[in-house]
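A short write-up of the structure that comes next.
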Amino acid sequence: MHSWDDFRVFLSVAETGSFSASARELGVNHSTISRRVQSLEKRHGVKLFERTQKGYRLTVAGQSILSIVGQAKEATNHASRLLSGHDDRLEGEIKLTMPHEIFDLFLAKPLAAFSLSHPKIQLNIGVKPGLKNIANREADLAVRITPEPPEYLIGKRITYMQHALYASPQVINGIERGESVPLVLWPNIHAIPSWASDNFGNAHIAMYVDDLTSMHKAVKAGVGLARMPCFYPDSVICPEVVKLDIPLPLSDWGLWLLNHVDLRNSARIRACKQIITEHMSQYLPVFLGNA
């Protein structure tokens, strides 16, 4: 009999190119990965990987089954989502992902209350950078900041988001003296953005930061001026971070609450969505810059 676990390990090694990375991904030890791959190879009398200086590379035999095993993984995930979607019990695990700023500022307490009122539901909350793949069941429910979610997800936009320009008093003093304006930008912005060139005579890029909390700290430290969503700096009261009186257009980015379409009938997902929606709706002025 064929073991899906062996094929699951094969796919993980193929995707990561490493036994060690695969072991971390699957939560097992290195020897388990090696044993599973060897078992699959021995059973079928073929080599699936060849070792190179850069890691493990698929052989011709491995390449021949890669897409099929990938389709089997998606079919398994789809079946799991469908079963979870028909679950009418208020029990089980909810893998919930969101930016850590949203959890820290707005949802830690209400989700703690949700856990107390639903003791048979286990919340597994992920706040690390990077988007969890809901299609692969890395998450069941997501609070996501995005302009538009993927089509396979359903949910609602809780609110649009207003941005504003923020700087420390020392940077503001430099601007008033006509000095070049130092900018703190997101890493995907490779030129002076229009919000800077439209409002200041000269500007230069001082730092790139890939995390909102760290961007706020960089502004506080006097590194430069940044365009940030109002909800964070307006909630974290800090005299060293000042909002400039320069109006910006409303962003097309919004705060969304999303889940996979297959989970729309899950009772525990509906209950969790309700508490998040009700609580976050109280903070609409904060996200719209009117706090």
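The values are calculated or read from the model by the stated rules, or taken from the named source; none is laboratory data. Since the structure is predicted, the reported quantities are computational estimates derived from the model, not experimental observations. A quick note on method: Cβ atoms are made from the backbone with ideal geometry, for glycine too, and the neighbour counts reach across all protein chains shown. When the accessible area is computed, the model is the full protein with side chains, heavy atoms only, and any ligands, DNA or RNA have been set aside. Shrake-Rupley method; radii C 1.70, N 1.55, O 1.52, S 1.80 Å.
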Notebook entry, point to check: Say the dipole of the chain comes from +1 at the beta carbon of Lys and Arg and -1 at that of Asp and Glu; which of LEU248, VAL171, VAL219 then lies farthest toward its positive end?
Noted result: VAL219
Notebook entry, point to check: At a Förster distance of 41 Å, what's the computed FRET efficiency of LYS47 paired with GLN122, Cβ-Cβ distance as r, to 0.05?
Noted result: 0.50
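What is the magnitude of the charge dipole of the chain about its Cα centre, with +1 placed on the Cβ of each Lys and Arg, -1 on the Cβ of each Asp and Glu, and no other charges, expressed in debye to the nearest 20?
1040
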Note to self: Below 8 Å, C-alpha to C-alpha, sequence gap of six or more: please give me the relative contact order for segment 44-196 in percent.
What the structure shows: 18
Notebook entry, point to check: Relative to the first principal axis of the alpha-carbon coordinates of the chain, what is the inclination of helix 108-117, with its axis defined by its Cα atoms, in degrees from 0 to 90 and to the nearest 10?
Noted result: 50
Next item on the list: Compare the Cα positions of SER20, PHE7, ALA112 along the charge dipole of the chain (+1 at Cβ of Lys, Arg; -1 at Cβ of Asp, Glu; about the Cα centre) and return the one farthest towards the positive end.
Entry: PHE7
Margin query: What do you get for the angle between helix 267-280 and the principal long axis of the chain? Use alpha-carbon atoms, 0 to 90 degrees, nearest ten.
Written below: 10
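What Kirkwood radius, in Å to one decimal, follows from the Cα pairs of the chain?
Every distinct Cα pair counted, the radius reaches 22.3 Å.
Once a ≥ b ≥ c are taken as the square roots of the eigenvalues of the Cα gyration tensor of segment 3-83, is the result rounded (a/c under 1.5), prolate (a/b larger than b/c) or oblate (a/b not larger than b/c)?
On the way: a/c = 1.72, a/b = 1.38, b/c = 1.24.
Prolate, since a/c reaches 1.5 and a/b exceeds b/c.
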Notebook entry, point to check: Can you work out ³J(HN,Hα) from phi for every residue in segment 185-202, in order, using Karplus 6.51 cos²θ - 1.76 cosθ + 1.60 and θ = phi - 60°, giving whole Hz and x for Gly and Pro?
Noted result: 10, 6, x, 7, 9, 10, 9, 4, x, 5, 5, 8, 5, 6, 10, 9, x, 8
Item checked: Förster-model FRET efficiency, 41 Å R0, ILE192 and LYS109, C-beta, rounded to 0.05 -> 0.50
Check: Of LYS54/LYS220; LYS42/LYS128; LYS54/LYS95; LYS120/LYS156; LYS73/LYS156, which pairs sit farther than 31 Å apart, going by alpha carbon to alpha carbon?
Finding: LYS54/LYS220; LYS42/LYS128; LYS54/LYS95
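Taking Cα pairs under 8 Å and at least six residues apart, what relative contact order does segment 3-83 come out at, in percent? Display every interim value, and only then the final one.
Details: 69 pairs, mean separation 22.6, N = 81.
This gives 28 percent for segment 3-83.
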Next item on the list: Using the Cα centre as the reference, give the magnitude of the dipole from point charges on the C-beta atoms of segment 163-249 (Lys, Arg: +1; Asp, Glu: -1; all else neutral), rounded to the nearest 20 debye.
Entry: 80
Notebook entry, point to check: Quick one: helix 60-85 against the long Cα principal axis of the chain, what's the angle to the nearest 10°, folded into 0 to 90?
Noted result: 70
Item checked: segment 1-105, accessible area per residue, ligands and nucleic acids excluded (1.4 Å, Å²) -> 60
